[in-house]
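*Asks:* Take this structure, written in structure tokens, and hold onto it; I'll ask about it next.
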Amino acid sequence: MWADIEEGILYILSNAHFLIMQGGAIIGAVCALMMVNQEHRGFRRHRVNPGVVLGIAAFFMAYLVWASGNDNPSLHLRTGLAFLAGVLGGALGGATYTGLMLLAMRMFSGDVAVLPITLDMAIVAATGVGVRHWLRSRSTRQLRWSGIVVALSVQLLAGLLTPLIVSLSGLIDSRTAHGVIALRIAAAPITLLLLLGIFGLMKWEGDRREQRLRKYRMSLIDPFTGFPNRVALRKHLKKLARNPDDSHRSHTLVLIEVSNLGDLIVVHGQPWADAFWRWIESLIRRESSGAFLRIQRPRLFVLSDAFLAVVLHDISVAEAQRTNLLPLLSAKLDRWLRAEHAIEGGPFPRLQYGVAELQGSGRGQVDEALRNLNLALRSAEEKIGYFMPSLPDRVVRDSWLRQRLAWWIREQELPPIQYQPKVDLGTGRIVGAEALLRMHDEGGEPIRPGQVLRMAVQQQLMAEFEWCTLRAAVQDLLHLQALGRIVPFSVNISAASLETGGFAPRLVRLLETAGVAPDRLVLELTEQQALPDRKEVRVNMQLLYRSGIRLSLDDFGTGYSALALLAQYPFSEVKINRSMVARLAQPRMRVAISLALESAQRYRAELVAEGIETRQEAETLVNLGVRHGQGFLYGRAMPLSALMHLKVAQDEAFNTSRSAEHDGAKATEIERLLELVR
């Protein structure tokens, strides 16, 4: 036996260069396989079996050895490679390698004992398959050095025992078995070194792949809350959209926004904001474990500090609306936050909801559903906004509106302004007019002024837009002045303009350049936004007053600190709106209007009523002491030319010294004009 081993060592040493060459080629083939697998993100996704690669590499190595004139030194590496093929390629890999190796031996080694060699390599390959299952991994991600040592030990033991097993079957005699064992013992250092190198490479690649997988998993998690993030949301929705079984099923997407998050962070700090979504998640998880939301299996995804997405499975938006699901969820969240996480001395979280639907399959469905979800939230006029098919058209209109705003500001173009007459309630004569925006979209459909104002606020262009309307009004005042007509114009401005440094001097210069008297312009301060107590505001208000530009307080009694503003700044006019005028039949409202009139008179301001639609309303206001007003009764907003025509007709009717019959005809003409513009 020892003589056989010694003879085997000498044989191996004489052919060591061939064995090393083959080992290097095999390692190169494994490295190429690793590169291919890396492109396909691991063995689980590629179509090339490692056993096939090892078999092909061994086949060509056998050919090269045969072509060099050597008999068959590859015999001593084949068992190690068969074991490796079984470990990496499973039963298919081991069988493929064995078949290719037998083919090479038949082609390049002449008459060989096929059956003993087949049984020998099959046993070794099967041992590799067993080790593969023990490692519980098709790839080498779970390989550790301890596992590699065990695998190499099993390979060595299998290589030494298989000749004995083959000899016991009677296919070879014991001397031949001892000779094979001796050769394998002699080749063991090279075989083990080869396998160790290959396993080491595979472990290195597996560790790298594990790190990439760990980073990928971390990319799906929000680091502050530990919840899945927006990347995980898209991945989950794509999985739902790719599932052919879901082609007829719908899923409801809910986007929750904390609209006052900035105020909450200022009061309670960032850690409170980080914990907020965990509180919400605990409630939704508790509700989904009971009857409520159990069927929908909600999954939560944190998109940012202010946004949380919830996927409700197997329920359409229509069904969610029919069952009142979202209002119930909103009410539960609000009650739970007040009961469990009451906020003392600070703002309460204001939650806004956008709702859209993921329906059908296909990659484009995911992008469309997410876009619809954001549209639903951004377009919500109430607490819960549902996606409507008209919303994309609104987006197109908003885009066009943004372009128009930018064009007016950039190109100094004047926006389309019309004027609603302000009249003396006793005589009906025009004493002024309010400039109002009246514009249409590309299709000729009217656009509500509120939409334009909302867009200007969103784009932070409110002050610039208001300056455009002031320029348009001043130009029309100049036109009236050239015709010898005096009609003061009122123009709405907000806190955005008064907060702008140099606003008042700029407006005074505009009037001086145009040659328009300052008292022809009235600035109406809308009370929909609080007027901050800042130096720029005070300076602008004082300069406007000293220059002769009159100030009006719009929507008196419905906004922010009306009496305080009336006491602080020299307003010459205050206005009450339609909401008060419409309820003149109520005694308490008449008392409220009387109090507003008294407050205005105490500060030497005039009270003007807006939204007058009936003669009875006008008579009641006159009886209360209100002198001036405006509304549909006296005319809707009209072009400047129509206002001039109406003004001329009134002046001629009320200033003429002609006969009463002529006056009656003129009065009839005025009534006809009023009917046309109403």
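*Asks:* What number of residues within region 155-171 satisfy the criterion of being part of a loop (DSSP other than H, G, I, E, B) and more than 11 Å from Leu119 (Cα to Cα)?
*Replies:* Residues of region 155-171 part of a loop (DSSP other than H, G, I, E, B): 169-171.
After this cut, where a residue has to be more than 11 Å from Leu119 (Cα to Cα) as well, the list is 170.
Matching residues across region 155-171 total 1.
*Asks:* How many of the residues in region 278-322 are closer than 24 Å to Asn374 by Cβ and not in a helix (DSSP H, G or I)?
*Replies:* Qualifying residue count for the region: 22.
*Asks:* Also, I was wondering about something else. Would you mention how many residues in region 399-422 are open to solvent by 20 Å² or more (accessible area, probe 1.4 Å) and farther than 30 Å from Val574 by Cβ?
*Replies:* Residues in region 399-422 being open to solvent by 20 Å² or more (accessible area, probe 1.4 Å) and farther than 30 Å from Val574 by Cβ: 12 in total.
Results for (1) under 21 Å from the mean Cα position of the chain (by Cα); (2) crowded, with 17+ Cβ neighbours inside 10 Å, shown as yes or no for each residue.
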residue: Leu253; (1), (2): yes, yes
residue: Gly262; (1), (2): yes, no
residue: Ala273; (1), (2): yes, yes
residue: Trp279; (1), (2): no, no
residue: Glu287; (1), (2): no, yes
residue: Arg294; (1), (2): no, no
residue: Pro298; (1), (2): yes, yes
residue: Phe307; (1), (2): yes, yes
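*Asks:* Just to verify a result, which residue in region 611-653, among those that are in a helix (DSSP H, G or I) and hydroxyl-bearing (Ser, Thr, Tyr), is most open to solvent (accessible area, probe 1.4 Å)? Working first, answer last.
*Replies:* As a first pass, look at region 611-653 and keep what is in a helix (DSSP H, G or I): 615-624, 640-653.
From what is left, the residues that are hydroxyl-bearing (Ser, Thr, Tyr) are 620, 641.
Details: Thr620: 35, Ser641: 83 Å².
Within region 611-653, the match that is most open to solvent (accessible area, probe 1.4 Å) is Ser641.
*Asks:* Right, here's the next one. For the list (1) over 23 Å from the mean Cα position of the chain (by Cα); (2) surrounded by fewer than 13 Cβ atoms within 10 Å (Cβ to Cβ), I need the number of the one condition that Leu283 fails.
*Replies:* (2)
*Asks:* Out of the residues in region 487-538 that are assigned to a helix (DSSP H, G or I) and in contact with a Ser or Thr (Cβ under 6 Å, 6 or more places away or on another chain), which is most open to solvent (accessible area, probe 1.4 Å)?
*Replies:* Restricting to residues being assigned to a helix (DSSP H, G or I) and in contact with a Ser or Thr (Cβ under 6 Å, 6 or more places away or on another chain), the top hit is Pro518.
*Asks:* Can you report the number of residues in region 423-446 which are part of a loop (DSSP other than H, G, I, E, B), open to solvent by less than 50 Å² (accessible area, probe 1.4 Å) and farther than 21 Å from Gln459 by Cα? Spell out how you get there, then give the answer.
*Replies:* Kept after step one, since they are part of a loop (DSSP other than H, G, I, E, B), are these residues of region 423-446: 425-429, 438, 441-445.
Then drop every residue that is not open to solvent by less than 50 Å² (accessible area, probe 1.4 Å), which leaves 425, 428, 441, 444.
Then keep just the ones that are farther than 21 Å from Gln459 by Cα; that gives 425, 428, 444.
So the answer is 3.
*Asks:* Would you mind telling me which numbered condition in (1) more than 28 Å from Glu617 (Cβ to Cβ); (2) without any contact (Cβ under 8 Å) to a residue 24 or more places away in the chain Arg448 fails?
*Replies:* The one condition Arg448 does not meet is (1).
*Asks:* Condition first: open to solvent by less than 10 Å² (accessible area, probe 1.4 Å), within 14 Å of Val124 (Cβ to Cβ), of a type outside the set (Ser, Thr, Tyr) and modelled with pLDDT of 70 or more. Now tell me which residues in region 159-194 satisfy that.
*Replies:* Within region 159-194, Gly159, Pro163, Val166 qualify.
*Asks:* Of everything in region 247-277 that's among the hydrophobic types (A, V, I, L, M, F, W, C) and outside any helix (DSSP H, G or I), which residue is nearest to Gln365 (Cα to Cα)?
*Replies:* Going through the qualifying residues, I end up with Leu253.
*Asks:* Take the conditions at pLDDT 85 or above, in a loop (DSSP other than H, G, I, E, B) and farther than 30 Å from Asp651 by Cα and apply them to Pro389. Does it pass? Full working, then the answer.
*Replies:* Values: at pLDDT 85 or above: no; in a loop (DSSP other than H, G, I, E, B): yes; farther than 30 Å from Asp651 by Cα: yes.
No; evaluated as a whole, the condition is false for this residue.
The values are calculated or read from the model by the stated rules, or taken from the named source; none is laboratory data. In this text the structure is predicted, and so the values were computed from the model without any measurement. Positions of Cβ are generated from backbone atoms using ideal geometry, with glycine treated the same way; all protein chains shown enter the neighbour counts. The area values use the complete protein model at the heavy-atom level, side chains included, leaving out ligands, DNA and RNA. Shrake-Rupley method; radii C 1.70, N 1.55, O 1.52, S 1.80 Å.
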